[in-house]
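Worksheet: one structure, shown below.
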Amino acid sequence: MFAFMQASVTKADRAALTRDMFALASYLMRTANVGTFNAIAELDLSVTQLKTLCALDAHGEERSVKALAESMGVSLPTMSRAVDGLFERGFLLREEDPVDRRMKRLRLTDAGRRVPLALNEARLSALHELIGSLGEEQAGALEHALALILEQRGDIAALRPAEKGAAR
């Protein structure tokens, strides 16, 4: 069905594949940027606040203010200000650490979880547009290639968004 498949890929082929994948990723990022930036503007959050919400969402666990500051390369006072604003807007819960009461543990509220989801929705809409613009043969080839990758890469497959209307 797919005549372009080879048993092995040379180093030069991989370099060309890397450039081609970069072109596709760049196209997707460019087309998704408008929607993503509009979603960011509507939220009226600082870059540090956005990064904080995304970091907490990505790790899926409570983190301390200090650990977040260190992981994001910002000062503790900068992170504290960002966290204060997020807490005031209802995006974070802040609790004392049971072992060290001086430390504050942070976790996302439902509203806080919706922020990364809103950014992902903007990106996903760009993908919907691209997939909708592909011909049957292109869509089939892409589907086959992605199936091969996702079959072997659970870390990537785990990032699939839930289907619309499906329970999470």
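A few points about this structure:
- Degrees, to the nearest 10: 136-152 long Cα axis against longest axis of the chain: 60 degrees
- At full extension, I131 and D155 could sit 6.4 nm farther apart than now, given 0.36 nm per residue minus the alpha carbon distance.
- 17 Å reach of a label modelled at V34, 7 Å along Cα-to-Cβ, counting backbone N of region 112-148: 121-133
- Prolate/oblate/rounded label for region 27-101 (Cα gyration tensor, a/c 1.5): prolate
- Once the Cβ-Cβ distance of A147 and A16 is raised to the sixth power relative to R0 = 25 Å, the FRET efficiency obtained is 0.70.
- Between the helical axis of 110-133 and the longest alpha-carbon principal axis of the chain there is an angle of about 20 degrees.
- Principal-axis tilt of helix 11-43 within the chain, Cα atoms, nearest 10 degrees: 40 degrees
The numbers here are math on the coordinates, done by the rules we state, and not lab data. Only a predicted model underlies this, so the values are computations on that prediction, with no experimental measurement involved. Note that each Cβ is placed from the backbone with ideal geometry, even for glycine, and that neighbours are counted across all protein chains shown.
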